[in-house]
1. Around residue 40, with a cut-off of 12 angstrom between Cβ atoms, what is the net charge of the other residues, counting Lys and Arg +1 and Asp and Glu -1?
2. Can you compute 3J(HN,Hα) from phi for each residue in segment 73-81, using the Karplus curve 6.51 cos²θ - 1.76 cosθ + 1.60 with θ = phi - 60°, rounded to whole Hz and x for Gly and Pro?
3. Per the Kirkwood formula on distinct C-alpha pairs, the Rh of segment 31-136 is how many angstrom?
4. Where Lys and Arg each count +1 and Asp and Glu each count -1, what net charge lies around residue 109 among other residues with Cβ under 13 Å from its Cβ?
5. Going by C-beta contacts inside 10 Å, put 63, 105 in order with the fewest on the left.
Amino acid sequence: MYRLSVLPLIGAFVVAGSAVAGAHHSVPVNFDQSKDVTVAGVIREIKWVNPHSHWWVDVTGEDGKPVEWLIEFGAMNTMKRAGFPMESFKAGDRVEITGYPGRRDRAVLLRQVVHNGVRLNPEMRPETGGPTDRTPAN
């Protein structure tokens, strides 16, 4: 009898957990892939973590005051395997970010970063062998 009353509860947790996990990793739900946005500013904070790494970048707003943008991209492990030069970035660095705009305010999914005159297009899939473009920015 105990087994019969616990099984529906376990099933509910499995279904709920898989729905949350699917929503968490859904790029189309969180970012608009039909357009790009470019922001330039100074890295305030870096978090190289799994499942998604983040930068917080201060961008100068229209009123001249800093506006915080959240830059999201691949997991730390994925970035390392792809050859993304994580050690090259630190708080205080000036960057230009291009990516998919977030469906919430001031968020971007990184597609390209210009840092110290170099344009990096990190591939988020490790099987590609690394960044596809390490060309000088114009």
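1. Values: positive: 94; negative: 58, 93, 96.
Its environment carries a net charge of -2.
2. Karplus-based 3J(HN,Hα) across segment 73-81 equals 7, x, 5, 3, 4, 5, 4, 4, 5 Hz.
3. 13.9
4. Values: positive: 35, 103, 104, 106, 111; negative: 32, 36, 72.
Summing Lys/Arg as +1 and Asp/Glu as -1 gives +2.
5. 63, 105
Taken together, the values in this text are just the output of simple stated rules run on the coordinates, not laboratory data. Keep in mind it's a predicted model, so treat the numbers as computed, not measured. Cβ coordinates were reconstructed from backbone atoms using ideal geometry, including for glycine residues, and neighbour counts include every protein chain displayed.
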